[in-house]
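Take a look at the structure below.
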Amino acid sequence: MDVIQSFYGKILQDYEPQLYFLREKTRLFNEHLIDSFSPLQLIAITFLATTICLSVYRFLFENDEDLFARIRQTLFTMARRLPIVQRKINEARAATLKSVCDDMAKSIAGHEFTTVLPQQGLSQEKLIQKLEEYRKLEKFSFQSGKISGCVYKLAKNDMTEIYNKAFTLFGETNPLHVDVFPDIRTMEAETVRCVATMFHGDTDVCGTMTSGGTESILMACKTYRDLAIAKGISKPEM
């Protein structure tokens, strides 16, 4: 402890003229601020200067992206706020929206929309007839199996019969209530375990069943984000 005090004492002694100069300049600067501004103005200036300094520091150092990439992004964001650029963006957005709406309107041309519930329920025959009318609105033949990312049509009819039979067996179940439907819970657990084994997972590997591809991607992103946070990574990069 004495050695440390002696070390700092020697430094202060060696640089005493410089430190005195800085103290005097600081004192004169503070006196000038006090004479020139009111206390409220000093508080506002201090707050504004601190905010600007923190924003600049975070922009320069607290970001994983390249500095020039962030500068380009900032300039692009500022350019988008210009009135002439905003008009061009709005025009392009309106044209795209109109094109989408027109295409959708063509696919249902001539259809009479139901806007209120009927006073009396439909019979089974009329209900099936109405469903068949809806089915005729389809213009694409997804049965060919050539509509990527939309419907994955099975070539074998026996497979269609299998999943229709499965829906008949379990269509009225609710997987949220695992105590009421242990059959659904068991099938889900077995499916997860099979996938874990496929990827050489040990007994600690777990998983969950999702309702489709989009939810699967979202859940995977959330899982990796939570894993990064648990490892102390505050700004994970995808």
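Filtering region 116-126 to residues that are surrounded by 10 or more Cβ atoms within 10 Å (Cβ to Cβ) and not in a helix (DSSP H, G or I) leaves only L122. So which of A109, A44, A79 is within 30 Å of K130 (Cα to Cα) and of a type outside the set (D, E, K, R)? Checking each option against the conditions leaves just A109. Name the residues in region 31-55 that are surrounded by 10 or more Cβ atoms within 10 Å (Cβ to Cβ) and among the hydroxyl-bearing types (S, T, Y), would you? Scanning region 31-55 gives T46, T50, T51, S55. Only residues that are surrounded by 12 or more Cβ atoms within 10 Å (Cβ to Cβ) and of a type in the set (A, V, I, L, M, F, W, C) were counted across region 207-217, and they come to 1.
Residue-wise test of (1) in contact with a Ser or Thr (Cβ under 8 Å, 6 or more places away or on another chain); (2) closer than 30 Å to M238 by Cβ; (3) not in a helix (DSSP H, G or I); (4) not polar (S, T, N, Q).
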position: Y134; (1), (2), (3), (4): no, no, no, yes
position: L137; (1), (2), (3), (4): yes, no, yes, yes
position: C150; (1), (2), (3), (4): no, yes, yes, yes
position: T168; (1), (2), (3), (4): no, no, no, no
position: E172; (1), (2), (3), (4): no, no, yes, yes
position: P175; (1), (2), (3), (4): no, yes, yes, yes
position: A196; (1), (2), (3), (4): no, yes, no, yes
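Listed by first and then second residue, the pairs with beta-carbon distance under 9 Å, at least 6 apart or on different chains, first residue in region 187-208 and closer than 17 Å to M219 by Cα, second of a type in the set (S, T, Y) and not in a loop (DSSP other than H, G, I, E, B), are V205/T197; G207/T191.
Restricting K222, K231, K139, K165 to residues that are under 30 Å from H111 (Cα atoms) and of a type in the set (K, R) narrows the list to K139. Using the structure shown, decide if K98 is part of a helix (DSSP H, G or I), within 30 Å of L137 (Cα to Cα) and at pLDDT below 90. No.
Scanning region 10-63 for residues that are outside any helix (DSSP H, G or I) and under 30 Å from T74 (Cβ atoms), we see that the one that is farthest from the chain's Cα centre (by Cα) is E62. A single entry from K106, K139 fulfils the requirement of being in contact (Cβ under 8 Å) with a residue 12 or more places away in the chain and either among the acidic types (D, E) or loosely packed, with under 10 Cβ neighbours inside 10 Å (or both): K139. A single member of F113, F68 is within 30 Å of I233 (Cβ to Cβ) and either aromatic (F, W, Y) or part of a loop (DSSP other than H, G, I, E, B) (or both), and it is F68. Quick one: is F76 exposed (fewer than 10 other Cβ atoms within 10 Å of the Cβ) and either within 27 Å of the chain's Cα centre (by Cα) or over 30 Å from F59 (Cβ atoms) (or both)? Here the answer is no, as F76 does not meet what is asked.
Note on region 198-238: residues that are among the acidic types (D, E) and not in a loop (DSSP other than H, G, I, E, B) total 2.
The values are calculated or read from the model by the stated rules, or taken from the named source; none is laboratory data. What you see is a predicted model, and the numbers here were worked out from it, not measured in a lab. Neighbour counts are summed over all protein chains in view; Cβ atoms, including those assigned to glycine, are modelled from backbone coordinates with ideal geometry.
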